[in-house]
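J.: Below you'll find the structure I mean.
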Amino acid sequence: MLRKVLMVIAAFFLFLLQCCVFPHISLGGIVPNLILLITSIFGFMHGEKAGMITGFCLGLLFDIFYGDYIGLHALILTYIGFMNGKFFGIYYPEDIKLPIGLTLTSNFSYGILCYIFSFLIRGRLNIGYYLLHIILPELIYTLIVTIIIYPIILVVYKAFENLEIKKKKEA
C-alpha cells in the first residue's frame, strides 16, 4: 500500500517539476520528459498494468494542461508504459543499464509518435529537422536527468519496500 502511495506522490511531483520548474531551466527550449521517465520507471519496476495506468493518467494530465488533442499523449504513454512493463521480469534494481536503455528507447519512440500524429498528418514532412532539433536534444536531456533521478527514486522505493516488509513481520 505504501508503494502505491509513493507511486502517486512521485508521479504527481515529477509532473509538477516538468510543468513548473523545468520550463525555467530549459536548454534551447527543450525540457526533459519527466512524465515519460516516470512512466518508464513504473513500467519496468511494477509491470505492464502499473506502467499503463501511470502512462494513461500522466498523459491525460499532460493533454488537459498542454496538449493540442485530449488523449494523444495518454494513448502514447499508455503504450510506452505497457511496453516497458514487458521488461518487469528481467529488471534488477541495481543495474542502471536497463532503465537508461528503456528510457532512451521510450523517449525516441515517443518523439517519433508525436511527430507522426502531430506533424506528419498535417503535411509537415521535415523529419530531419524535427529529429535534430527536438527529439535528440530532448533525448539527451532526459538521459542526464534519468541518471540523476533514477537512483533517488530507487533509494526511496527500497526504503518504502523495507518498511512494508517490517510492518508485515510485525503483524
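J.: Give me the mean projected area, in nm² to one decimal, of the convex hull enclosing the Cα positions of the chain. Let's see the in-between values first.
T.: Values: hull surface 40.6 nm².
So the Cα hull casts an average projection of 10.1 nm².
J.: How far is it, in nm, from the label point at residue 168 to the one at residue 19 when both lie 7 Å from their Cα along the line to the Cβ?
T.: 3.4
J.: Here's a follow-up. Between residue 108 and residue 66, take the C-beta separation as r, use R0 = 25 Å, and let me know the FRET efficiency to the nearest 0.05. If you can, show how the numbers build up before the last one.
T.: Numbers: r = 21 Å, r/R0 = 0.82.
Efficiency for this residue pair is about 0.75.
J.: Here's another thing I want to ask about it. Normalised by the empirical 2.2 N^0.38 Å for globular proteins, what value does the Cα Rg of the stretch 1-52 take?
T.: On the way: Rg = 12.4 Å, N = 52, 2.2 N^0.38 = 9.9 Å.
After normalising by residue count via 2.2 N^0.38 Å, the value is 1.26.
J.: Of the peptides 134-143, 96-105, 117-126, 72-81, how do they stack up when ordered by the mean number of other Cβ atoms within 10 Å, highest first?
T.: On the way: 134-143: 18.2, 96-105: 16.4, 117-126: 11.8, 72-81: 23.9.
The packing order, highest mean first, is 72-81, 134-143, 96-105, 117-126.
J.: For the stretch 30-97, take every pair of Cα atoms, bin their distances at 10 Å starting from 0, and report each bin as a whole percent.
T.: 26, 47, 22, 4
J.: Another one. Relative contact order for the stretch 1-117: what is it in percent, counting Cα pairs under 8 Å that are at least 6 residues apart?
T.: Values: 161 pairs, mean separation 28.6, N = 117.
Relative contact order for the stretch 1-117 comes out at 24 percent.
J.: Something else about it: Treating the stretch 72-171 as a set of equal point scatterers at the Cα positions, no solvent, please give the Debye-formula log₁₀ I(q)/I(0) at q = 0.12, 0.15, 0.23, 0.25 Å⁻¹.
T.: Normalising to I(0) and taking log10 leaves -0.53, -0.75, -1.23, -1.31.
J.: Could you work out how far apart the two model spin labels at residue 143 and residue 120 are, taking each label as a point 7 Å from the Cα in the direction of the beta carbon, and quote it in nm?
T.: Here the answer is 2.3 nm between the modelled labels.
J.: Also: Spin-label point model (7 Å from Cα, Cβ direction): what's the residue 152 to residue 127 distance in nm?
T.: Result for the modelled spin labels: 3.5 nm.
Just so you know, all these numbers are worked out from the coordinates, no wet-lab data involved. Remember, predicted model here, so these are calculated numbers, not experimental data. Positions of Cβ are generated from backbone atoms using ideal geometry, with glycine treated the same way; all protein chains shown enter the neighbour counts.
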